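Written below as C-alpha cells is the structure these notes are about.
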Amino acid sequence: WSTGRQPAPRARGSRLSAHAELDDEVHRVLTLLWRLEHAIGKRSKRMEATVGVTFEQRAMIKLIGRFPGMTVGQLAVALHVHPGTVSTSLSRLERRGLLERRRDGRDARRVIVGLTERGRALDLPSAHTVEAAVSRTITAAGKPAVETTTRVLEQLVDALDEEGDPAPNPPRRAR
C-alpha cells in the first residue's frame with residue numbers, strides 16, 4: 001500500500017481535492033487496521049509461548065471466568081462467532097485441562113462450560129497479553145478518546161456486517 005511517495009498537491013476546495021483527501025484517510029485507516037491485525041497476531045503467538053494460550057483462547061477463558069455457568073451458545077454470541085468455531089476452540093482448551101464441559105441438568109441439549117483450576121490460573125491479569133496492552137492504551141488515551149474510538153469501530157463493524165457475504169455463484173446448468 002505504501003509507495004513511499006508523498007501525495008500530489010491538490011487544489012483546495014475542489015471536489016477532486018475532497019475525494020483525494022478522503023481516499024488518504026481511508027488508506028490511513030486501512031493501513032492501521034492491517035497493522036493492528038498483524039500486531040495482535042504477533043502478540044498472540046508470543047502469548048502462546050509465554051502465557052500458554054493464544055489471544056482468542058484467553059478471550060474465551062476470560063469470558064468463562066467472568067460468567068461461570070455460561071453455555072457454549074452464550075459464549076458464541078458474546079464473541080460474535082459461530083457456535084462451531086467456539087466448540088472447536090473449547091475442545092482444545094478442554095484437552096489441555098483448562099476447562100470442562102457438562103450437560104445442563106435442566107436441559108440436556110445445553111452444554112455448560114467452566115474453568116478448571118488450571119484454567120482459573122490463566123484468568124489472572126498478565127502483563128504480556130493483548131488485553132494488558134489494550135488496558136494501558138485505554139488508560140493513557142482517556143475516556144473521550146476511547147468513547148469516540150469505540151463508536152467508530154462499532155460503526156465500521158456494523159457497516160462490514162450489513163454488507164453480508166457475497167451471493168454464491170448460481171449452479172451451472174447441465175448442457
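The values are calculated or read from the model by the stated rules, or taken from the named source; none is laboratory data. None of these values were measured; they are calculated from a predicted model. Don't worry about glycine lacking a Cβ; one is built from the backbone with ideal geometry, like all the others, and counts go over all protein chains shown. Heavy atoms of the whole protein, side chains included, go into the accessibility calculation; ligands, DNA and RNA do not. Shrake-Rupley method; radii C 1.70, N 1.55, O 1.52, S 1.80 Å.
Mind checking whether some residue in segment 52-66 is surrounded by 12 or more Cβ atoms within 10 Å (Cβ to Cβ), touching a strand residue (DSSP E or B) at 6+ places or on another chain (Cβ under 9 Å) and among the acidic types (Asp, Glu)? Within segment 52-66 (the criterion being surrounded by 12 or more Cβ atoms within 10 Å (Cβ to Cβ), touching a strand residue (DSSP E or B) at 6+ places or on another chain (Cβ under 9 Å) and among the acidic types (Asp, Glu)), the answer is no, since none of the residues qualifies.
Put simply, of Ala140, Ala145 the only residue that is open to solvent by 70 Å² or more (accessible area, probe 1.4 Å), modelled with pLDDT of 95 or more and more than 25 Å from Ala49 (Cα to Cα) is Ala140. Scanning segment 22-44 for any residue that is of a type in the set (A, V, I, L, M, F, W, C), closer than 18 Å to Asp123 by Cβ and surrounded by 11 or more Cβ atoms within 10 Å (Cβ to Cβ) turns up nothing. Considering the conditions (1) surrounded by 14 or more Cβ atoms within 10 Å (Cβ to Cβ); (2) modelled with pLDDT under 95, Val157 is excluded by exactly one of them, (1). Here the condition is being small (Gly, Ala, Ser), over 18 Å from Val53 (Cβ atoms) and either open to solvent by 20 Å² or more (accessible area, probe 1.4 Å) or at pLDDT 90 or above (or both); of Gly105, Gly114, Gly97, it holds for Gly105 alone.
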